[in-house]
1. Multiplying the sequence separation of Cys339 and Ala94 by 0.36 nm and subtracting their Cα-Cα distance, what value in nm do you get?
2. Holding the Cα-Cα limit at 29 Å, pick out from Lys93/Lys130; Lys75/Lys140; Lys21/Lys140; Lys83/Lys384 the pairs that are longer than that.
3. Across every pair of different alpha-carbon atoms, what Kirkwood hydrodynamic radius in Å does the chain reach?
4. Would you mind checking which residues have amide H under 5 Å from Leu91's amide H? H placed 1.01 Å from N; only 5 or more apart, or other chain.
5. Summing +1 for each Lys or Arg and -1 for each Asp or Glu, what net charge is found among the other residues whose Cβ lies under 10 Å from the Cβ of Arg281?
6. Report in % the part of the accessible area of the chain that belongs to carbon and sulfur, leaving out ligands and nucleic acids; probe 1.4 Å.
7. Could you work out how much longer the chain between His72 and Arg229 gets when fully extended? Use 0.36 nm per residue separation minus the Cα distance between them, nm to one decimal.
8. Once the Cβ-Cβ distance between Ser389 and Arg82 is put in as r, and R0 is 45 Å, what FRET efficiency do you end up with, to the nearest 0.05?
Amino acid sequence: MRDLYTRFASTVLFPLHEAAKGHGTVAVRRELERTQWLGPDALAEYQRERLAGFIRDAYARVPYVRTLLDSHGLKPTQVQDRKGLQRLPLLDKAVIRANTEALKARDAAGLARFNTGGSSGEPLVFFIGKERVAHDVAAKWRATRWWGVDIGDPEIVVWGSPIELGAQDRVRALRDRLLRTRLLPAFELSAQNLTRFIADIRRFRPRMLFGYPSSLALIADHAEQSGMRLDDLDIRAAFVTSERLYDHQRERIERVFGCPVANGYGGRDAGFIAHACPAGRLHITAEDIVVEIVDAAGEAVAPGESGEIVVTHLATGDFPFIRYRTGDVGALDPEPCPCGRGLPVLGRLDGRSTDFIIAADGTVMHGLALIYVLRDIPAIDQFKIVQESLSHTRVLVSTAEPLPEGLTAEIMAQFRRRLGADVRISIERVSAIPREPSGKYRYVVSRAQAPGAAPAAAAISRT
């Protein structure tokens, strides 16, 4: 019965949903499932042809791209391959902020506004068109099917959102019910809620899991400590993303849930860059994304050498990401994957991780629960959240002008809603947010410990 409904959901319900939104997701996924078996040379040529068309289109439609090429004395025909692409400067968040309107295609319609979580303390506002959405969803869908599961299979999603998950609109809630997706809030991982979540998982009997690796590891740890089994549910895979996946998290999730962990790498800005196949290798979505690994000077490094991951997303014609700096460090693997797919492999990845925050009552929350309060406030240029103790949290903000009293009061109220009514919130205006010794920003730092120093909370702090 499950297989029949999954087939109905993946071949009828979801395609109708995507078609109603004007997304060509189904056709894109079918093409991706064909091209993944091309040999490396054929796939590289496929990518080159797409890159050439993408640059031609962007030059014709996007004011920023026309100005960029003209200022470098380049014609679109000179930026048709990786070598030509490398004649262009790297794109970073500051450039996007300064050229947001010029980056929009003149004829773009139906652009959706998005923003990043602000891992550097500086959230980025950008726009996504329907083509980009369709290609990103199709890439994730293809990777899901690598593991023998499909849209419509029962799925538990441990995730967060800018608003409480209970406030989802009715259309989305109905879609999730029809596609058999159950959401558990990653912001509310108290011991009491963890026990309830585990009971929900046992009743729901998902075929797959999706979420932050730290959240799934925390659920697994609580289940193990409480003597509650989760390895007898026939879960096929646990898909994790958004944070760096640590070895101890992988081991714990696989042992407790009795399923392999499939890592995914990407972001709202850069798109779905790479997904793990059952052979354990991270395959780059090369049909849509050109990945470069560059050194500090922006020059390409040899395969196997580490450097910053830079991406060009070929489905972003309405708001192009060309040579976009992700801020992550990784390396390409020169060896092909034994699975037989011609997709290139990201051999090493050192992505960002997000700290957890502990509320006064012991609830463990994803750091994004507080980041979401600040990240989209135009008056705030940079921010950093420092939880000194369960009773005191400092919020460092860099602003051009002092924040209005009403806005300050609203930020404090939002923080207390999450941390506790009696928690002291100090908002401190600073000239700039200092970097960590590593050279990176940390936007959330928690020095607090949960009441009783629970082992699960301690494990999170070590990540």
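1. So the chain would gain 84.2 nm between Cys339 and Ala94.
2. Values: Lys93/Lys130 22 Å; Lys75/Lys140 34 Å; Lys21/Lys140 18 Å; Lys83/Lys384 39 Å.
Too far apart for the 29 Å limit: Lys75/Lys140; Lys83/Lys384.
3. 23.4
4. Tyr324, Arg325
5. Spelling it out: positives minus negatives among the neighbours equals -1.
6. 52
7. On the way: separation 157, 0.36 × 157 = 56.52 nm, distance 6.11 nm.
Separation in residues times 0.36 nm, less the Cα-Cα distance, equals 50.4 nm.
8. Numbers: r = 51 Å, r/R0 = 1.12.
Computed FRET efficiency for Ser389 and Arg82: 0.35.
The values are calculated or read from the model by the stated rules, or taken from the named source; none is laboratory data. Not measured: the values here are computed from a predicted model. With ideal geometry, Cβ positions are generated from the backbone for all residues, glycine too; neighbour counts draw on all protein chains shown. Heads up: the accessible areas ignore ligands, DNA and RNA and are worked out on the full protein's heavy atoms, side chains in. Shrake-Rupley method; radii C 1.70, N 1.55, O 1.52, S 1.80 Å.
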